[in-house]
Amino acid sequence: MTLLGPVWVAAPHPDDEALGCGALLAALTAAGREVWALLLTDGGFSHPGSREFPRDRLAAERAAEWRAGLGVLGVPPERTAALNLPDGALAACDPAEVERLVRAAFVSAPPATLLLPWRRDPHPDHRAAWEPLTAACPPGARVLGYAVWLAERGAVADWPAPTEARAWTWAVGEHRAAKARAVAAHATQLGRVTDDPGGFTLAPEMVRRALEGPELYFEEMMG
Ligand SMILES: [Zn+2]
């Protein structure tokens, strides 16, 4: 799988990029490819009941975790952009407005390759990201959908049909340690927020599966 740069990885939430494509990103930057990252939402809705981490603080922490994790994967802060759209409510945003914001972010380095959650990855924000992101992508750019929650939460119909997309697998292999550190950077999703029992925590089995690999990518077939 040869991917031309600039490569952009779009994450609806901080951690999607590490879980879904940490090993590929590490391999790309190690090979000298220019990788950029785009964060769509503020990530501030993972622990709505926490008093210690009210939304603004949580969003700031998560943005810092996101940049730290990307740094481990070889993506420097100056190649990151965050749109700060509302976590959990991307589907309620005007797609044309989201597309406009994405286009503005892409101006700094128009993508030759775009990585984004597969169009039916089972999370409403992931699904809502597909249309505005692909619409903002320059013609001719290669678009690969990555899997985040398909294995855990996907129904059969969420996976691409055989005629719909070509599936690629990427072994985690030599980049497992880097991917593990990138995932571990997301401490707020791994138990650091202790005062919201209803809040979100990444299940250890999910993290294990993501680190075991392989990573899955789907490229839609044309015509
Ligand atoms: Zn997500």
The distance between the Cα centres of region 140-167 and region 39-110, in whole Å, is 23 Å
Under a Gaussian network model of the chain whose springs join Cα atoms within less than 10 Å, the largest fluctuation of Cys137, Cys93, Cys21 belongs to Cys93
Checking Leu24, Leu39, Leu190 against a Gaussian network model of the chain (alpha-carbon springs below 10 Å), the top fluctuating residue turns out to be Leu190
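Can you give the % of DSSP beta bridges in the chain that are antiparallel, to the nearest 5?
30 percent
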Mean-square fluctuation maximum in Gaussian network of the chain, Cα pairs under 10 Å, restricted to Ala18, Ala155, Ala82, hits Ala155
Final fewest-first order of Ser50, Ser108 on the 10 Å Cβ neighbour count is Ser108, Ser50
CD proxy, 222 nm, the chain: helix-only mean residue ellipticity via -39,500 (n - 2.57) per DSSP H run with n ≥ 4, per residue, nearest 500, stands at -11000 deg cm²/dmol
Taking Lys and Arg as +1 and Asp and Glu as -1, residues besides Met1 with C-beta under 13 Å from its C-beta add up to +1
Going fewest to most other Cβ atoms within 10 Å around each Cβ, Leu58, Leu3 line up as Leu3, Leu58
Assertion target for Trp36, Trp159, ordered by fewest C-beta neighbours within 10 angstrom first, is Trp159, Trp36
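Since every read-out is calculated from the coordinates, none of them should be taken as a lab result. None of the values given here were measured: they were computed from a predicted structure. Cβ coordinates were reconstructed from backbone atoms using ideal geometry, including for glycine residues, and neighbour counts include every protein chain displayed.
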